[in-house]
Amino acid sequence: QSVGDVIRVKLSVWKSEKCDLSSLSSVSDGDSGKVLVEQVGELAFVKGDETVHPIIERLVSNLEQVGQRATFFVRDSCSELVPVPGNEFESDKVYSYMTQLSDNVKLALKQLARGELKSVQFDMELLGVQRAPQCEEFSPEQLIEYCERKKNEGNEFFKACRLGMAIKRYNDVVYARD
């Protein structure tokens, strides 16, 4: 998998108020307080575009073959639950990069950060990877369209004060034929 590839996964998100889910081996859901937050039949996103939580990006990076599964546990002490700089924790702009996750999942992560939950569990299965086209394969017209699109995306990220993502897009334009 590379940045820019379209990743398709099946995702289940669980939460527990009672115990750390990662410490469970064969406890039934009723005993653990494990509650299903969301089950997504297919979640598709572009790797590296920050439209899903970094936890999901990291988990997907470990999946190499279609059908392969992985589980990731987030505990209340996870540093990734710290709010985005410049945003109040309760505001809607916290985790603004999680555009592909439901409000239920965002709420569970916020509850975890506030200490209202013990852990959140992400179960994922890789459904497919669509390789991103490489600039070397583009015709001159396609390259111009690609660069224009990346520049415009960079401008939008810049306006939203997401400078890291803006720089990534501008670099895509600068190094398009290297």
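The values are calculated or read from the model by the stated rules, or taken from the named source; none is laboratory data. In this text, all values refer to a predicted model and were calculated from it rather than measured experimentally. Glycine also receives a Cβ, built like all others from the backbone with ideal geometry; neighbour counts cover every protein chain displayed. Surface areas here come from the heavy atoms of the whole protein model, side chains and all, with no ligands, DNA or RNA. Shrake-Rupley method; radii C 1.70, N 1.55, O 1.52, S 1.80 Å.
General remarks:
- Members of segment 162-178 that are over 14 Å from Glu50 (Cα atoms) and within 22 Å of the chain's Cα centre (by Cα): Tyr170, Asn171, Asp172
- Test: Gly4 is open to solvent by less than 30 Å² (accessible area, probe 1.4 Å) and modelled with pLDDT under 85: yes
- Residue check, Gly164 touching a Phe, Trp or Tyr at 6+ places or on another chain (Cβ under 9 Å) and either modelled with pLDDT of 90 or more or exposed (fewer than 13 other Cβ atoms within 10 Å of the Cβ) (or both): yes
- Yes/no for Lys34 being modelled with pLDDT of 60 or more and either open to solvent by 70 Å² or more (accessible area, probe 1.4 Å) or among the β-branched types (Val, Ile, Thr) (or both): no
- Just one of the listed residues (Glu141, Glu148, Glu136, Glu153) is part of a helix (DSSP H, G or I), open to solvent by 50 Å² or more (accessible area, probe 1.4 Å) and closer than 16 Å to Gly48 by Cα, and it is Glu153.
- Out of Leu59, Leu81, Leu63, Leu21, sole residue that is buried (at least 19 other Cβ atoms within 10 Å of the Cβ) and either of a type in the set (D, E, K, R) or at pLDDT 80 or above (or both): Leu63
- Identity of the residue in segment 112-133, polar (S, T, N, Q) and buried (at least 16 other Cβ atoms within 10 Å of the Cβ), that ends up nearest to the chain's Cα centre (by Cα): Gln121
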